[in-house]
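Throughout, read-outs are computed from the coordinates displayed, never taken from laboratory work. No experiment lies behind these values; they were computed from the predicted model shown. In this analysis, Cβ positions are derived from the backbone assuming ideal geometry, glycine residues included, and neighbour counts consider all displayed protein chains.
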Amino acid sequence: MNYGVRTMIYPVKDLGRAKGLFGKLLSSEPHVDSPYYVGFRVREQEIGLLANGHATGMTGPLGYFHVSDIEKTLEARVKEGAQIQQPVKDVGAGRLVASVTDADGNPIGLLQSA
């Protein structure tokens with residue numbers, strides 16, 4: 001099952017500066033504040049700032065579709081012609097992420113919560 005895009009991750013080089021900017025933009029404090037990730041919750045949406053995200057190959061913000069079975073969803077996208085950009089990875093607390101690029105080169109994030 002696909003629950004739509006509920007997470008947007010922004011790669012940032014200066015986490016402190018980005019945290020200040022997004023805090024003001026969203027008029028809220030982060031619910032996660034670590035040296036490598038800062039996350040803001042806006043209703044059902046997660047806005048995340050990933051320190052050094054550019055070093056992992058991110059070139060800009062990436063929307064993550066929340067799915068119930070990431071392996072099955074990833075396999076289906078590849079069968080449809082997508083290329084794996086980042087294989088399935090556990091990013092903590094049982095949360096799994098992966099990303100692909102579609103036939104037009106657009107990045108698509110996948111996320112499965114524990």
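Here are some notes:
- Cα centroid separation, region 1-44 to region 75-109: 21 Å.
- A cut-off of 5 Å between modelled amide H atoms, ignoring neighbours fewer than 5 places along the same chain, links R6 with Y64, H66.
- The distance between label points at A103 and N52 comes to 3.8 nm (points 7 Å beyond Cα on the Cα→Cβ vector).
- Rh by Kirkwood over Cα pairs, then Stokes-Einstein D for the chain at 0.890 mPa s and 25 °C, µm²/s: 169 µm²/s
- Ordered by the count of other Cβ atoms within 10 Å of each Cβ, fewest first, V12, V5 give V5, V12.
- Least to most buried among S99, S34 (fewest other Cβ within 10 Å first): S34, S99
- The label point for L25 and the one for A93, both projected 7 Å from the Cα toward the Cβ, are 2.2 nm apart.
- Between the helical axis of 15-26 and the longest alpha-carbon principal axis of the chain there is an angle of about 90 degrees.
- Theoretical ellipticity at 222 nm over the chain - DSSP helices of four or more residues, -39500 (n - 2.57) apiece, nearest 500: -6000 deg cm²/dmol
- Shown for the chain: lysine pairs separated by 8 or more places, or found on different chains, whose C-alpha atoms are under 24 Å apart, numbering 4.
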